[in-house]
1. At a Förster distance of 45 Å, what's the computed FRET efficiency of residue B:10 paired with residue B:162, Cβ-Cβ distance as r, to 0.05?
2. Select from A:114, A:179, A:99 the residue whose mean-square fluctuation is largest in a Gaussian network model of chain A (Cα-Cα springs shorter than 10 Å).
3. If the viscosity is 1.567 mPa s and the temperature 4 °C, what Stokes-Einstein diffusion coefficient in µm²/s follows for region A:134-193 when Rh is the Kirkwood radius over Cα pairs?
4. In nm, give the distance between the simple-model label positions of residue B:232 and residue B:297, each being 7 Å from the Cα along the Cα-to-Cβ direction.
5. With N set to the number of residues, divide the alpha-carbon radius of gyration of region A:121-161 by 2.2 N^0.38 Å and report two decimals.
6. Need the full-extension length gain, residue B:171 to residue B:122, defined as separation in residues times 0.36 nm minus the C-alpha distance. One decimal, nm.
7. What list do you get for A:109, A:42 if you sort them by fewest beta carbons within 10 Å?
8. Of A:213, B:60, how do they rank once you tally other Cβ atoms within 10 Å and put the fewest first?
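Each reported figure results from applying straightforward, stated rules to the coordinates on display, with no laboratory input. Keep in mind that what you see is a predicted model, and the values were worked out from it rather than measured. Cβ coordinates were reconstructed from backbone atoms using ideal geometry, including for glycine residues, and neighbour counts include every protein chain displayed.
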């Protein structure tokens with residue numbers, strides 16, 4: 001599912017490395033925590049796995065496809081199978097919450113009636129029904145995070161990557177999200193979640209990837 | 001609920017820019033058309049005429065005149081020969097003699113008047129050397145010289161108008177590109193988000209290009225509306241020169257019909273109405289290029 005062999009990622013504009021000689025293999029239907037101190041390279045690894053950047057060196061395969069030398073078209077198709085919850089949400093401020101969440105389905109050319117049904121279902125699940133026609137800047141940080149979660153989950157991705165997805169959520173909502181992620185894993189999705197919350201990690205024990213100075217130093221535990 | 005797949009293109013300066021550029025291009029095009037119409041009319045209506053003057057003190061003037069008339073009538077390419085009467089010569093010379101053509105108080109005696117013959121001929125017939133070989137004292141004035149000079153003048157002005165038009169179109173493309181690039185920059189984050197979700201670059205470029213084209217079309221139409229009174233004024237001013245050869249330069253019709261306008265600016269009249277579409281096409285193509293080139297930088 002995910003295979004990284006001696007992957008290095010250079011920092012833009014500097015001679016330093018964000019990630020160095022990274023080796024990682026994750027199977028399908030797995031859940032992993034990604035931890036490490038600030039500046040360790042967690043966000044860089046997640047950007048790499050969500051195909052927002054390419055490795056500087058090394059081999060990388062995602063969803064059974066070699067990506068380090070893949071064409072733009074291949075990367076584009078892979079991106080549609082990846083759900084990414086970034087730390088800064090990356091919502092389009094001029095679009096309504098509905099349009100933001102509906103985007104992955106529209107890119108998959110789903111019927112508009114199906115899109116409406118799916119979006120309303122996920123908005124209902126995340127308690128955002130009253131904000132359907134609102135715009136992201138009108139929502140609180142926690143609500144925006146839930147919109148980002150909805151957008152990442154609605155396309156039922158084969159790979160779900162989340163960068164601190166619960167930092168603006170309450171405890172109940174965090175558990176709701178983690179439960180949903182466990183369900184996705186049981187349906188075949190591979191999930192990687194970067195977090196600083198040891199409480200959550202204790203509640204949902206799983207394989208933990210520890211990043212230190214751009215290097216994967218430790219792998220512990222299993223789902 | 002709108003079906004959104006790409007960010008909208010927002011720019012206040014693009015319609016304004018297109019309006020100004022349409023006015024500039026329209027004026028250059030109208031000027032170019034007017035000049036070309038003028039050139040065509042003059043080319044068609046100005047006859048090739050040679051005016052031959054025999055001095056009054058020439059010995060055996062009557063015989064020499066008859067010989068010259070016979071020579072002109074026999075020369076191929078000469079269409080019509082006319083010898084001026086004394087009255088016609090008096091009238092012709094009146095402005096130089098500071099006399100009213102109808103006044104006869106201080107008329108010159110016929111014996112001191114030059115003898116004038118006009119010969120209309122086909123284009124390309126060179127009468128000057130023929131007449132000079134026959135009678136060295138005859139002075140020949142070909143009006144085709146002036147027609148050629150006017151053609152040269154109009155040709156120069158036409159080149160200037162064409163150059164202005166080309167510069168206007170070039171400037172439009174360049175400034176449109178700058179304005180569009182600035183507008184795209186404001187949408188860079190959104191484009192990056194959409195790219196990250198797997199959007200097709202062509203879908204993004206097409207949708208934004210359509211918005212840009214619509215804005216350019218709107219601005220350009222406004223420019224065309226603003227241009228109309230200027231064109232009408234210009235047409236009104238030029239109409240005595242262009243509408244009919246029978247009109248004198250001081251005559252100006254009170255009202256010009258659409259037919260008048262089309263005949264005045266005939267070579268490019270309808271091209272003026274294509275300016276909004278040209279502006280729109282420039283905006284569409286520029287937006288496509290700017291977005292596609294920018295998206296190429298992303299992985």
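1. Efficiency, from the Cβ-Cβ distance: 0.80.
2. A:114
3. 108
4. Result for the modelled spin labels: 4.8 nm.
5. 1.17
6. Details: separation 49, 0.36 × 49 = 17.64 nm, distance 4.54 nm.
Stretched out fully, the residue B:171 to residue B:122 stretch lengthens by 13.1 nm.
7. A:109, A:42
8. The fewest-first ordering by Cβ neighbours comes to B:60, A:213.
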